Structures are given as C-alpha cells and as structure tokens.
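**Student:** Let me begin by handing over the structure; questions about it come next.
The values are calculated or read from the model by the stated rules, or taken from the named source; none is laboratory data. The shown structure was predicted, so the numbers you read here are calculated from the model rather than taken from an experiment. Cβ placement follows ideal geometry from the backbone for every residue including glycine, while neighbour counts extend to all protein chains displayed. Note: accessible area is taken over every heavy atom of the protein model, side chains too, but ligands, DNA and RNA are not part of it. Shrake-Rupley method; radii C 1.70, N 1.55, O 1.52, S 1.80 Å.
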Amino acid sequence: MSDHASVCPLDCPDTCSLTVTVENAKIVKIRGSRANPYTAGVICTKVAGSYPDWVHGPGRIETPLRRVGAKGEGRFARVSWDEALDIIHERVTSVIAAHGPQAVMPLNYAGPHGMLAYASMDLRFFHKLGASLLDRSPLCGGIRTQAWLGTFGTAPGIAPEQVRHSKLAIAWGNNVTWSNLHLTPIWNAARRDGAKTVVVDPRRTKIAEQCDLHIALKPGTDVVLAWAVAAELERRGAFDRAFIAQHVAGVEEFMAEARRYSVAEAARICRVPESQIRQLAEWYHTLSPASISVGNGLERNQNGGSGIRAIFALPALAGKFGVPGGGLVNGAGFAFPKTPARLQRPDLLPPGTRTLNIVDAGKHLLDPTLSPPIKAVFIYNHNPLVVHPDQNRMRRALAREDLFTVGADVVMTDSMAYADVVLPASSHFEYDDIYAAYGQHWLQRAEPVIRPQHESQPNTEIFRRLAARFGFTDPVFTASDAQLIDDAVDGADPRLGGVAPSRLPTDRATAMTVAGEPAILFKNVFPKTASGKVDLVSDYLDQKYGSRLPTYRPYETPFPLILITPASDERITSTFGGLKAGDVTPPLEMHPDDAKARGLADGTMVRVWNELGEVHLPVKITTEVTPGVCCSLKGAWMKTSDNGQTVAALAPAHHADICGGACYNDCRVEVAAL
C-alpha cells in the first residue's frame, strides 16, 4: 500500500490537491492533501466516495468497441485498437471526400480540467484535419468570463483566501457549500470576526441558512437588483467619485439605466422585500473591505451577462477595490501564464474554418440546410445527452443513422451508447497533466498513480494514434506529454522559479502571485481593457455581441413555474451519475403554496412538462424555494428516469445576451400528479 500525490480534475473552481492510496495497483482511498494550501486537506464527499468505483467499477470501458445494436441500445462488440482506428479513418475520410473536412465536428466539453486532457493533442488533430471549430464556453462559464473580459480585460480578481479580510462577504449565485467548498471555512472565519454575510440565490442553500441576509430573488432578475443597489448607493452618496474619475468609464450611461429602477420597482420585479435591497445597499456602503463572489448560477438565463456586468460595476462605483478582502472573487483563470496557442496550435487551421456554438450542437446536427452538414462527430470529455438543453433534440441528433459517431470516455455513459466506435479513455489518475484553475490561484502538476487500466489510453495518446492513422507526421503530433505540459504554460514566468512546467513539484502547488504578493485589483494588477479602466460601457462586448450596456428582458411563457436545475452534491454535472450514489431520481422541490394549488402531497410522483418534454419526479414540498420557483438537481442519468427524459429535456435552447450562452434557468414548466 502506498500514497501518491494527485489533483482533482473535475469541473469545479477549487481544483483540490489529493492523496491517493494504492494497493495491488488499485485505488482504494482518496483524501485531501495540503499540497494546495487553499484546499488544505479537505475534499468533497463525492470525490472521496465515488472515484474508486468510477475507476475500477463495472461501468469502466475496457477495450475499443464497435456498435452492433441500434443507436442508443448500448450493444457493442470488442475490437482491437487497430481495427477501431481503421474504421474511424475509413468512415471519416469518406465523409471528408463527400462533404469536406468541416462536416466533422468535435463535441467535447469539460469532463477533465487538466490542460492536456481538456484541449491539447485533440485540438491539434482537429485543426490539422480542418474540422469545424466548436465554441465550448457558452455551455457554462463563458457568459461570466465574457462579462469579466468586457469589464476588466484579462486582469485577475482577488483570490478566495482574501475573503478572510472582508467585513462584508457576498455570494451571488454561488452555492458555496456544494460548488465552491473551500470558500466556506474562509467565509465562516470572516463571519466569526464580525463580517456580515449575504447570499443572493433563488434557493435557500446551506450557506444561505447561515448568512445574515438571504435575498431569494426571481431567477433572471439579478441585473435589476444590482441596478437598484447601484441607484440606492448613488442616492446615499456612497459613490467614490475620485476613484470613478480616475478608473471607471461609462458611469453616466450605466447609471441612466440603473436609475430607471427604484427600490420599490426592483422589489416588485425581483419578488423580494424592499427592506432587503436597502439593507444590502447600506452594508455595501458602510462596510469595507467588501467582497463579492459571483457564481455561474446567475448566468444561465437570457439576462445572464447583464446581471453579472451590473454586479461587477458595484465595487467600481463604491470604490471597494485595492485593499485585501475588497473587490471580486472572480477572474482567477487570468492569474496563470497559460499559452494555449502553443498547446493547441490554431495555426494549423485552414483559413475560413467555421465556428459552431456548442449550445446549438443538436440543432446543427439536425439542420438540413447547414452547409456542409455534420456527418461525423467525436464525443469525448462530455455527456451531451444528459447535459445539453433540449435533450430530446440532442437524442434525435445522436440517433441519426447517417451520422458517424466516435466516442471516448472512461465509463459507458448515456451518450456513448449512441456511438459507432467507442475508445477507452484513461482516468486522470493514469496520466501526467498540469492544472490551472478557474476559482483559485495555485498551479499544480500531477503524475500517474496507477497504470492505464485495461486497454485505455489518455486523450493525448488517443489523438496521437488518430493523427498517425490519418498520416499526420509533423513532430507536433508526436510530442510527449512532458512536451505538451511545457507547451501549456510559459516556462519563463518568474513564478515558476526557473523550473520547467513539466518538472514542477507534485507535492506542493505553485502560487500565482504578483511579485510575491496576492493579486489585488487596483493595488498590484489593473484592468487590461482598451481604455485601461473598468468599462461599464463595453466596446468589446458591443463588437462581439451587440451588448454595449447591460439590459433587462423579462422572459415569460404560458407555463407558470420557473424550474432551476443547480449542481448536485452527488455528481459533478453528470460525472459519477453511473454510480449508485448518483443514480437516485432527484426530487422536484416545490413551495407549499404551489403544491397546495395543485393538490400535491410530499412524495407524490408528478409529471413536470413544457413544450419540449416531460419528466417524472417525486415532489419534495419545502420552503427552500419561493412560490413560483421549483428546483431539481442537474446531471442525473437516464437510469433514474421512467420515461427516458431528465430535467435537461425541459431546458430551452435559446441564447443569453452575450456569449451565445445557455439559458437553463429560463425553463418554465407546469406540474401535476401522475
């Protein structure tokens, strides 16, 4: 039995350091390590409890497979690697001969967040092939990132550890306990020292139960709430006029929109008491340092970008930057010296290659007018049938008999069941990788703790083999994983201390500081916008999306209830969904008033439906949600459903105001007993 250092690669802002116990070449225990000072030996129960079964359990894909049943049936025959690669080469080259290389599309997302597994050799392969480009960020996180870029450019915000110094800590659309776990003890320590804490979330989460003020606003109205707070701050004389004059652009145009919403009007639209808006404004005026952590929850509606931009404006207007514990706990990804062009080689792309939005993948796959049509798709790092909005559209797309689908995954997912060829992918415990983060400021490297299981291979080797089979002989397609790690990060960055990225220690994380100090916006880092200021009016977002200023667009349909689908405490999106702990049908949380109006009792099986689909769930009557809002956790697999649909079947596929982002929380439904 031996212990090994590793890193959690899952789609979570914390990127925990791990200690992995191996016995007889198998993982038997996982616990947190202190290699990353931020995660400090603590990990979530789903990682500790689920990973060994995920790596070594019966769902593991052991060999290459060829489909022998109907699409979606999940019947496969074992084939060799050479046979699988030959089938892929023959079918894909036939597609290219008939329709051109853009008839091929990668359909991958963020299963693992290691820089190699996420996007390295795979993109080199697709770029050389000339496949359609896929814009992945709109599915999640891209709206917030684009809002940040439009407001601050590529400067990082404060690290989460800075919240320890805050006298006011606000979590806005961030379920800290489940989705940002290591912020919780920092938040609690600040509170013990007298800090006020505020949660803005439609649902009464665990952290909301413990805070001083919980504002349970109507989903999609965050921009109105932030505008009203801005206008109230102005009325109170709380603006830092000297800071604004030197560092903020577009204030008058921004405030012209904000002033349209009185506290009373905002309270009506957001469905919250006026007193809560005034309390938030008062605390934000009088308490400093003040920090805001903006999560991904509030981006998932058609006003998502506007809401985030309006929140980002608050510390600029009130002059909350430039001190420890002050500002925004966002933009962490910009703290790292990443070199994606070296890693992914976009220079290999043929000129004029089109880009498709991942949110629209189902639509594109079914579009008879798309030219060229998508005739071959590679699914990896992703479970699109469970994750994408308008699930039934995605199912019809993947069921196309004329679509050649290659899948690669660690376990047999609902989406892999539709593939024509399935390749066995290694878990991150079986290969080298390097890990930046999107929620903290520590760079980490990990080495394998076990050998690749069965016939599995890391993504890098899978795409090396594909490149070789397609005749791509340039050295960029034979680069080792160590070379790829060195391509992923700027080895000349002084924070690496002269150590090559591929040789960074695995027993301690590398701090992404500024001249040895934590990054603090307007102290040692500054906006990297074209104006050099905080842009409340954004030419960048105007040029990209026609979104110069934040806007508010009410979203109504004939269906009376709003359904939100936040993260689960059993799964990371859909990862671990195939395991026992994650295969319980998630309940539909409903307020007692809504349940009474429909004659529903706790535990009743209900049908939840709209024009896109229907889901059957047990109802849980609770005051954790407000009247008019229901909640069911995302990521459950089809085996939890009695009719082959999960909550993603109900999610609309229209776009947010920026980034072409997904609008899961614009879902509107009706509910009745089965």
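**Student:** What is the pair-distance distribution P(r) of segment 1-135, computed from all Cα-Cα distances in 10 Å bins starting at 0, with each bin given as a whole percent?
**Tutor:** 10, 26, 31, 22, 11, 1
**Student:** For A399 and A500, compute 0.36 nm times the residue count separating them, minus their Cα-Cα distance, and round to one decimal in nm.
**Tutor:** 31.8 nm
**Student:** Hey, another quick one. Residue by residue, what Karplus-based ³J(HN,Hα) values in Hz, rounded to whole numbers, does segment 396-406 have, using 6.51, -1.76 and 1.60 with θ = phi - 60° and x for Gly and Pro?
**Tutor:** 4, 5, 5, 7, 4, 6, 8, 9, 8, 10, 9
**Student:** I've got another one for you. How large is the Kirkwood hydrodynamic radius of segment 130-178, counting all unique pairs of alpha carbons, in Å?
**Tutor:** 13.8 Å
**Student:** Right, here's the next one. Ordered by residue, what ³J(HN,Hα) values in Hz, to whole numbers, does segment 540-553 give under the Karplus form 6.51 cos²θ - 1.76 cosθ + 1.60, where θ = phi - 60° and Gly and Pro are x?
**Tutor:** 4, 6, 5, 5, 7, 9, x, 10, 5, 10, x, 9, 10, 10
**Student:** Next question, about the same structure. For segment 362-476, what is the Kirkwood hydrodynamic radius in Å, using each pair of distinct C-alpha atoms?
**Tutor:** 16.3 Å
**Student:** Amide H of S293 versus every other amide H placed in the peptide plane: which residues, excluding those fewer than 5 positions away on the same chain, fall under 5 Å?
**Tutor:** I170, A171, W172, V329
**Student:** Further question on the same structure: Given P424, G307, L579, which one lies farthest toward the positive end of the charge dipole of the chain, if we put +1 on the Cβ of every Lys and Arg and -1 on the Cβ of every Asp and Glu?
**Tutor:** In the chain, that residue is G307.
**Student:** Still on this model: For segment 327-402, with every protein chain kept in place, what is the accessible area per residue (1.4 Å probe, Å²)?
**Tutor:** Here the residues of segment 327-402 average 36 Å² of exposed surface.
**Student:** On to the next question. Cut-off under 25 Å on the C-alpha distance; same-chain residues fewer than 8 positions from K26 excluded. Which lysines are left, in chain and number order?
**Tutor:** K46, K580
**Student:** Further question: Give me the accessible area per residue for segment 215-289, probe 1.4 Å, as a whole number in Å².
**Tutor:** About 40 Å² of surface per residue is accessible.
**Student:** Further question on the same structure: Under a point spin-label approximation (7 Å from Cα along Cα-to-Cβ), what is the N188-Q483 distance to one decimal in nm?
**Tutor:** Going by the 7 Å Cα→Cβ label model, 4.9 nm.
**Student:** Starting from the 7 Å offset along Cα-to-Cβ, what nm value, one decimal, do you get for the label separation of Q279 and E23?
**Tutor:** In this crude label model, Q279 to E23 measures out at 5.1 nm.
**Student:** Work out the charge dipole of the chain with +1 on the Cβ of Lys and Arg and -1 on the Cβ of Asp and Glu about the Cα centre, then indicate which of I61, L181, P340 is farthest towards its positive end.
**Tutor:** In the chain, that residue is L181.
**Student:** Now for a separate question. Students often forget the sequence filter, so: which lysines lie under 17 Å Cα-Cα from K320 once same-chain residues fewer than 8 apart are removed?
**Tutor:** Within the straight-line limit of under 17 Å, K320 reaches these lysines: K167, K196, K523, K533.
**Student:** Same structure again: Considering only DSSP beta bridges whose two residues both sit in the chain, what percent are antiparallel, to the nearest 5?
**Tutor:** Around 50 percent antiparallel, to the nearest 5.
**Student:** Just to confirm the filter: which trypsin sites (Lys or Arg not before Pro) across segment 2-83 are DSSP coil and have at most 16 other Cβ within 10 angstrom of their Cβ?
**Tutor:** Qualifying residues, ordered by number: R34, R75.
**Student:** Given the protein chains as shown and a 1.4 Å probe, how many square angstrom of V323 are accessible, to the nearest 10?
**Tutor:** That residue has around 60 Å² of solvent-accessible surface.
**Student:** Please report, as a whole percent, how much of the solvent-accessible surface of the chain comes from carbon and sulfur atoms (probe radius 1.4 Å).
**Tutor:** Accessible surface attributable to carbon and sulfur in the chain totals 51 percent.
**Student:** While we're on this one: Using only the alpha carbon atoms of segment 229-307, find the Kirkwood hydrodynamic radius as the inverse mean reciprocal pair distance, in angstroms to one decimal.
**Tutor:** 14.1 Å
**Student:** Something else about it: If the limit is 22 Å between Cα atoms, which of K218/K620; K71/K634; K544/K634 go over it?
**Tutor:** Checking Cα-Cα distances, K71/K634; K544/K634 exceed 22 Å.
**Student:** Treating only the Cβ of Lys, Arg, Asp and Glu as charged (+1, +1, -1, -1), what charge dipole size does the chain show about its Cα centre? Round to the nearest 20 debye.
**Tutor:** For this selection, approximately 580 debye.
**Student:** Between (1) 33.4; (2) 27.9; (3) 35.7, which matches mean projected area of the Cα convex hull in nm² calculated for the structure shown?
**Tutor:** Given (1) 33.4; (2) 27.9; (3) 35.7, the calculated one carries the label (2).
**Student:** Report the one residue of A131, A70, W81 whose Cα lies farthest in the direction of the positive end of the charge dipole of segment 1-157 (charges on C-beta: Lys and Arg +1, Asp and Glu -1; origin at the Cα centre).
**Tutor:** With unit charges placed on the Cβ atoms, the residue in question is A70.
**Student:** Give the distance, in whole Å, between the Cα centre of segment 263-342 and the Cα centre of segment 358-379.
**Tutor:** For segment 263-342 versus segment 358-379, the Cα centre distance is 36 Å.
**Student:** Let me ask you something else. Kindly report, to the nearest 10 Å², the accessible surface of S293 as traced by a 1.4 Å probe over protein heavy atoms only.
**Tutor:** 10 Å²
**Student:** Gap in Å between the Cα centre of segment 393-427 and the Cα centre of segment 104-148?
**Tutor:** Centre-to-centre (Cα) distance: 17 Å.
**Student:** How high is the relative contact order of segment 171-266, given as a whole-number percent (alpha carbon pairs under 8 Å, six or more residues apart)?
**Tutor:** With pairs under 8 Å counted, the relative contact order is 22 percent.
**Student:** Quick check: net charge around V606, other residues with Cβ under 13 Å of its Cβ, Lys/Arg +1 and Asp/Glu -1?
**Tutor:** Local charge sum for V606: -3.
**Student:** Continuing with the same structure: Which of the chymotrypsin sites (Phe, Trp or Tyr not before Pro) across segment 435-493 are loop residues per DSSP, with 16 or fewer other Cβ within 10 Å?
**Tutor:** Answer in residue order: no site qualifies.
**Student:** D135: accessible area at probe 1.4 Å, nearest 10 Å²?
**Tutor:** The accessible area comes out at roughly 60 Å².
**Student:** Hey, what's segment 444-521 come to in accessible area per residue, 1.4 Å probe, Å²?
**Tutor:** On a per-residue basis, 45 Å².
**Student:** While we're on this one: Please report the relative contact order for the chain, taking Cα pairs under 8 Å with a sequence separation of at least 6, and give it as a percent rounded to a whole number.
**Tutor:** Relative contact order here is 21 percent.
**Student:** About the Cα centre, and with charges only on the beta carbon of Lys, Arg (+1) and Asp, Glu (-1), how big is the dipole of segment 119-179? Nearest 20 debye, please.
**Tutor:** 60 debye
**Student:** Expressed as a whole number of Å, what is the distance separating the alpha-carbon centroids of segment 222-262 and segment 541-565?
**Tutor:** If you average the Cα positions of each part, the centres end up 21 Å apart.
**Student:** Mind checking which lysines have their Cα closer than 20 Å to the Cα of K128? Skip sequence neighbours fewer than 8 apart in that chain.
**Tutor:** K375
**Student:** Shifting gears a bit: What distance in nm separates the two pseudo spin-label positions at A468 and D490, each 7 Å out from Cα along the beta-carbon direction?
**Tutor:** 3.5 nm
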